[in-house]
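Structure first, commentary second.
The values are calculated or read from the model by the stated rules, or taken from the named source; none is laboratory data. Only a predicted model underlies this, so the values are computations on that prediction, with no experimental measurement involved. Neighbour counts are summed over all protein chains in view; Cβ atoms, including those assigned to glycine, are modelled from backbone coordinates with ideal geometry.
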Amino acid sequence: MSERCQSCGSCGMAMRLVEDFGGAHRGNRYCVHCSDREGNLAVTYERVVSYFAEDFEKRRGLNPTRARELAEACVSALPAWSSR
Ligand SMILES: [Zn+2]
């Protein structure tokens, strides 16, 4: 049995435990934070960008404008949003 590290198609979070997967369904493309109880994508691009921007501001000490730019660049590259 091979173990692969999967990451969420919406926010990029690494999913290892079954509880990390949306709908607690291993193999789901989205993590528990990005999906509803059935495991369907339940967040918007805007929400994921805000989440990233906040994180960059807090952890990297970026100013809000720079944090926002960086967040948009990161989130746009993720599978759920790349064809937006
Ligand atoms: Zn996610």
Could you tell me whether any residue of segment 55-66 is within 14 Å of the ligand (Cβ to nearest atom) and either at pLDDT 95 or above or in contact with a Leu (Cβ under 6 Å, 6 or more places away or on another chain) (or both)? yes
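Right, ASN40: within 14 Å of the ligand (Cβ to nearest atom) and not small (Gly, Ala, Ser) or not? Talk me through it step by step, then tell me what you get.
On the way: within 14 Å of the ligand (Cβ to nearest atom): yes; not small (Gly, Ala, Ser): yes.
Yes: the conditions hold for ASN40.
Mind telling me which of the residues ALA14, ALA42 ends up being surrounded by fewer than 13 Cβ atoms within 10 Å (Cβ to Cβ) and in contact with a strand residue (DSSP E or B) (Cβ under 8 Å, 6 or more places away or on another chain)?
Working: ALA42 fails: surrounded by fewer than 13 Cβ atoms within 10 Å (Cβ to Cβ).
On inspection, the qualifying residue turns out to be ALA14.
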Just to be sure, is VAL32 modelled with pLDDT of 95 or more and assigned by TED's automatic domain parsing to the domain that holds GLU72? no
Here is a check on your reading of the model: is ARG37 in a loop (DSSP other than H, G, I, E, B), buried (at least 16 other Cβ atoms within 10 Å of the Cβ) and at negative phi? no
